[in-house]
1. Quickly run through region B:222-260 and pick out the residues that are small (Gly, Ala, Ser) and free of Cβ contacts under 8 Å to residues at least 24 places away in the same chain.
2. When you look at residue B:100, is it within 24 Å of residue B:245 (Cβ to Cβ), crowded, with 19+ Cβ neighbours inside 10 Å and within 14 Å of chain A (Cβ to nearest Cβ), yes or no?
3. I'd like to verify a number: residues in region B:27-48 that are assigned to a helix (DSSP H, G or I), more than 14 Å from residue B:60 (Cα to Cα) and of a type outside the set (S, T, N, Q), how many?
4. Quick check: is even one residue across region B:39-47 among the small types (Gly, Ala, Ser), buried (at least 17 other Cβ atoms within 10 Å of the Cβ) and modelled with pLDDT of 95 or more?
5. Which members of region B:150-182 meet the condition of being within 14 Å of chain A (Cβ to nearest Cβ) and closer than 21 Å to residue B:207 by Cα?
6. When region A:226-275 is examined, which residues are found to be in a loop (DSSP other than H, G, I, E, B), among the charged types (D, E, K, R) and under 24 Å from residue A:28 (Cβ atoms)?
7. For region A:14-28, give me the residue count where each residue is touching a helix residue (DSSP H, G or I) at 6+ places or on another chain (Cβ under 7 Å), surrounded by fewer than 19 Cβ atoms within 10 Å (Cβ to Cβ) and not polar (S, T, N, Q).
8. Would you please name the residue that is farthest from the chain's Cα centre (by Cα), looking only at residues in region B:183-195 that are more than 9 Å from chain A (Cβ to nearest Cβ) and surrounded by 24 or more Cβ atoms within 10 Å (Cβ to Cβ)?
2 protein chains.
Amino acid sequence: MLDLRRLSIHQVTLLRQCTTPQFVAALTRNGVPCTSLWRDKTLEYGVEKTARIVADNGIALSGYCFAGLITSPDRDEAAKARDEVRRALDEAAAVKAPCLVFVAGGIDPRDKNIADARARAVDGIAELIPHARSVGVRIALEPLHPMICATRSVLSTVKLANDWCDRLGAEDIVAIAVDTYAVWWDPEIEDEIARAGKRICSFHVSDWLADTQDLRLDRGMMGDGVIDLPALRRMVEAAGYDGYVEVEIFSQRNWWQRDPDEVIGVIKDRVRTAV
Amino acid sequence: MLDLRRLSIHQVTLLRQCTTPQFVAALTRNGVPCTSLWRDKTLEYGVEKTARIVADNGIALSGYCFAGLITSPDRDEAAKARDEVRRALDEAAAVKAPCLVFVAGGIDPRDKNIADARARAVDGIAELIPHARSVGVRIALEPLHPMICATRSVLSTVKLANDWCDRLGAEDIVAIAVDTYAVWWDPEIEDEIARAGKRICSFHVSDWLADTQDLRLDRGMMGDGVIDLPALRRMVEAAGYDGYVEVEIFSQRNWWQRDPDEVIGVIKDRVRTAV
């Protein structure tokens, strides 16, 4: 049974219901010790104000989410995208997040070349490492589900994230975020989580609904789908991960329609029974 | 440029517009030499009648699609599912299809155990081999996209299909169908297609649309998406495949709404310019 002191609720889980102050109040009121902030919301409310309200309420941060999208084949576009990531690293440092969730970027219809897009992503990350080190924020490579490979992330598996980490040789600052929703189907997942070991800086949970209706915004509550979440938690813990379990649910048709206290209540129940 | 004598148009591409006789007439009228039959349509029109109309019009078959779904944790359900596959193998033999496209089946919410589901799939295929041999129809293991892992197929990669083939040791009768739509994102695809070699009995093309709106029924026409189809064709051909290039487009919002002759005309153009 998960100790609730390890619970983090990602801000996106209450994206539609709460402003940042309302969200922080809901966490505080329900005794949730940690969150991962959603970048758009942070910029909307203000980085400094967000840092202050989180600190004042004693809420820890498990991450800052997200930046990346650096795979453009156009040099100027790619340089601008890297600058945007540097700004996000600064913001992550300001709010005292240990890592920035990094989403690689998709395939450009102009070149359709996935191998080249992947190569540009790795080269681009290499260029971001000095800045990440200077602000003390880890770059958390997050493999995303292959169904959003075209639009969001050519980083599709934990194996590929491990390969990139091997190549980058920056274990102090480049890490891996394991999102159960993105990786549960992967036949290699157990081996690759073991290989990732101490690279794992973040562990996200939600569930895959059998009747999934949308490629991004139809995640399920833990226990409502087909993912064996306890098995995946055992894998990351066997690899040495003992950090927060971060609940990240994009849910247009269900959880985004509900009262924040109800959602948090269900989460607190499910992380104990289904994760 | 693809020789049009290698073109096969999967019946599902005109699923909503045509009965089987209308579909065969459209192929004949447009000089398309080959098809893969959709099982539901074949059963609806009748197996014998379908075999006759296809043969009478000189249409070759590249496959019979599909059967499988044998991953149930319930023994009786699984046995019934295997019987259904045996019937499909008989039908494939009757229509003179060289292979039956095999879709493994998904995860049962009753056990949520993907490793067990995969093990049951391999064991189930082993039980089907004698029947496949007796009717002379290859079982074409088709890895499907991880986004339909829960509902349709725990066989998610060509690597896993190769692993299953290694384990089954039945190279004469268990083969692999490579569907570009299902595998284009896979970082291991080049190596695993090379490893598959002569196991590849079927090659399906369509495209991944950047604005994909549905998990199953929103495939794009070759050239309209982000897949590097010529690269994938080079891979299967380097592995020794010289058979039909099968166009398989499930498209609720676009191609299923159009006139059959228009669709076939676009396909004949695109297989020459975009595959």
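1. Initially, region B:222-260 is screened for residues small (Gly, Ala, Ser), giving B:223, B:225, B:231, B:238-240, B:243, B:251.
Matches in region B:222-260: B:225, B:231.
2. Numbers: within 24 Å of residue B:245 (Cβ to Cβ): yes; crowded, with 19+ Cβ neighbours inside 10 Å: yes; within 14 Å of chain A (Cβ to nearest Cβ): no.
For residue B:100, the condition - within 24 Å of residue B:245 (Cβ to Cβ), crowded, with 19+ Cβ neighbours inside 10 Å and within 14 Å of chain A (Cβ to nearest Cβ) - is not met.
3. Going through region B:27-48, the residues assigned to a helix (DSSP H, G or I) turn out to be B:27-29, B:39-45, B:47-48.
So of that shortlist, the ones also more than 14 Å from residue B:60 (Cα to Cα) come out as B:29, B:39-45, B:47-48.
Subsequent filtering for residues that are of a type outside the set (S, T, N, Q) retains B:29, B:39-41, B:43-45, B:47-48.
Going through region B:27-48 one residue at a time, the tally reaches 9.
4. So in region B:39-47, the residues among the small types (Gly, Ala, Ser) come out as B:46.
Pick out the ones that are also buried (at least 17 other Cβ atoms within 10 Å of the Cβ) and you get none.
No.
5. Correct list: B:152, B:153, B:155, B:156, B:157, B:158, B:179, B:180, B:181, B:182.
6. A:248, A:258, A:259
7. 3
8. Within region B:183-195, the match that is farthest from the chain's Cα centre (by Cα) is B:193.
The values are calculated or read from the model by the stated rules, or taken from the named source; none is laboratory data. Note that this is a predicted model, so its numbers are computed, not measured. Heads up, the Cβs are rebuilt from the backbone with ideal geometry, glycines too, and the neighbour counts pull from every protein chain shown.
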